[in-house]
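Data block below; observations after.
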Amino acid sequence: MLFAQLSAAISLNDICDNLRNHRGLLATIRGALFPSRNGLSNANKVRNADMAEDLFWEVLAHCEKQSPGFKHGPKKRKRGLPRRFKKTIHAVDSSTIKLVANNMDWAKHRRRKAAAKLHLRLNVGSFLPGFAIIEAAKHGDNIRARELCAHIEKGEITVFDRAYVDFDHLHDLALRGVSWITRAKSNMAFRVKKRLIKKPQGNILRDDVIALRNPKSKAAYPKGLRRIVALVEIKGKMEKMEFITNNMEWAASSVCDLYRSRWEIEVFFKQIKQNLKLCDFLGNNANAVRWQVWMALLAYVLVRYLGYLSDWNHSFSRLCTMVRGVLWEKLALRELLVAYGTAGGSFRMLGRLDQAYLPGFRRIYGTASGALSKNKHKKVPELGRI
C-alpha cells in the first residue's frame, strides 16, 4: 500500500503487476514476495487498519528521534508565518474525501454522495501531523475537537475555523492555559464590556472585550472574550473578518497574522491530495479506506523527512516526482536530491555511478569530518568504503 502511494498506482492489478515484474529487486527486501490481486484485496478488507495507524506514529516518532530538528521544521521558515511567536502553533481542520456512493453504504454523506473525513491537527512550524482521525463524513467537526486538542500543552497556540466553535471546549482550553483563535459565528450574541481602541487603526476596525449573552453559551464560557474585526487580504482582495480569542495581551494585528497561518493546513491537504493517492480508492469498505489514508500520511512523512535530510529547497510535488522516478533504481536518494538544482548539480534528475547504493559501503568526502586527498576532487579509497 505504501508502494501504491509512491508509484501513483491506479488499481490493485497495477500494484500487483508492477511488483511481479520487479520481483527480483523486490526479493532483496528481506525476501519479499509480490502479492496476488485477490490476496491484496482481502488483506485490505480484513487486516486491522489500527496497524497502519500505529505504524505511522511509530515512524514519525523514529524520524523525530533520529533528527531532532525535523520536528522543528525546515531551516528556512515559510514566508507569512508569524516569526515573533516562539510557542508551537497548531492548526486544526478537516478535509472531506469523496467516495463512490453506490457501493459505500458505510460512508453515506448525503442522498447520493458518500465521503470520508480526515480530521487533523497540524504543527504549522514543522508542517507535520500531530493528531489525526479518519472516519465517515457524517460527523460534525466540533464533535472531534476535544480529541484533536487533547495533547496541546500549556502556553501553546491553536487556530481553527468556526466549525469547531464549542464554548464548553473553548473554556476548557482556556483553563489549561492554551491560547486559541477562531472566527466568530454570524449569529453570536454578545455585549461589549470594553473598547480597546476608540476608532479604526489601519486594517483593525474593532477591538473589544465582550461577554456572551446567550444563557447556554454564557454558562459554558462565563469569562470575557476578545473580539477583533479586521480587513484581511484574501486572494488579493480585502475582506472583513471577525475573530474571537481568549488572549488579551497580543496586538490585534498579531491575532490576524496567527489566523492567517491556519491556511497552512489547507496547503497540507492540497499537497497530499495532489501528489498522493487520495482521490481514487483501491477498496470499498471502511477498513480499506483507512489503510489507504494512513499509508498516504506515512508516505508524506517519509518523503518530507527525505527532503529534510537533503536540504530540499524545491516544491513538495517535485520531490515526489523525483522519488517516483527512481523507485526501482539502486541509488542513494539523499545524494541524488542534494545534487538536484544546486550550483554543483543539475536541474535534471541524473543518477551517477557515485550515487549508487551499495550495502556495506559508505562514502567519505573531503569535508571537515572526512579526509582530503592531494587531489580535492578525488575520494580517499579505504577498506570497506568508496
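Observations
- Under the combined filter of DSSP loop state and at most 13 neighbouring Cβ atoms within 10 Å, the range 216-313 retains these GluC sites (Glu not before Pro): GLU249.
- For the range 154-296, the antiparallel share of DSSP beta bridges with both residues in that region comes to about 90%.
- In plain terms, the chain from LYS65 to ASP311 could stretch by 86.8 nm, reckoned as 0.36 nm per residue minus the Cα-Cα distance.
- Extending 7 Å from Cα along the Cβ direction at LEU175 and again at ALA211 yields two label points whose distance is 2.0 nm.
- Spin-label zone in the range 127-141 - amide nitrogen under 17 Å from a point set 7 Å from the Cα of HIS72 along the C-beta vector: 127-128
- Accessible area of the range 108-218 divided out per residue, in Å², using a probe of 1.4 angstrom: 51
- In the distance distribution for the range 222-331, Cα-Cα pairs more than 22 Å apart total 55 percent.
- ALA150 versus ASP50: modelled label distance in nm, points set 7 Å from Cα along the beta carbon direction: 1.3
- Among TRP180, TRP57, the order of accessible area from largest down is TRP57, TRP180, computed with a 1.4 Å probe on protein heavy atoms.
- Residue-by-residue Karplus 3J(HN,Hα) for the range 138-145, coefficients 6.51, -1.76, 1.60, Hz, glycine and proline x: 6, 7, x, 5, 5, 5, 9, 4
- The range 159-179 residues near the modelled ASN247 label - backbone nitrogen below 11 Å, point 7 Å along Cα→Cβ: 159, 178-179
- Links that overshoot a 31 Å alpha carbon limit, given the list LYS216/LYS270; LYS87/LYS277; LYS86/LYS223; LYS193/LYS270; LYS86/LYS277; LYS71/LYS240: LYS216/LYS270; LYS87/LYS277; LYS193/LYS270; LYS86/LYS277; LYS71/LYS240
- Here's how it looks for LEU196: its modeled amide H is under 5 Å from those of ASP207, ASP208, VAL209, which are all 5 or more places away or on a different chain.
- Cross-link reach is defined here as a Cα-Cα straight distance under 19 Å, omitting same-chain residues fewer than 8 places apart; for LYS235 the aspartates and glutamates meeting it are ASP161, ASP257, GLU264, GLU266.
- With θ taken as phi - 60° and the Karplus curve 6.51 cos²θ - 1.76 cosθ + 1.60 applied, the whole-hertz 3J(HN,Hα) list for the range 288-304 is 5, 5, 4, 4, 5, 5, 5, 5, 5, 5, 5, 4, 4, 5, 5, 5, 5 Hz, x standing for glycine and proline.
- Using 0.36 nm per residue and subtracting the Cα-Cα separation, the extra length available between LYS240 and ASN142 on full extension is 32.9 nm.
The values are calculated or read from the model by the stated rules, or taken from the named source; none is laboratory data. What you see is a predicted model; the values in this text were computed from it and never measured. Positions of Cβ are generated from backbone atoms using ideal geometry, with glycine treated the same way; all protein chains shown enter the neighbour counts. Accessible surface is based on the protein model in full, side chains and every heavy atom, while ligands, DNA and RNA are left aside. Shrake-Rupley method; radii C 1.70, N 1.55, O 1.52, S 1.80 Å.
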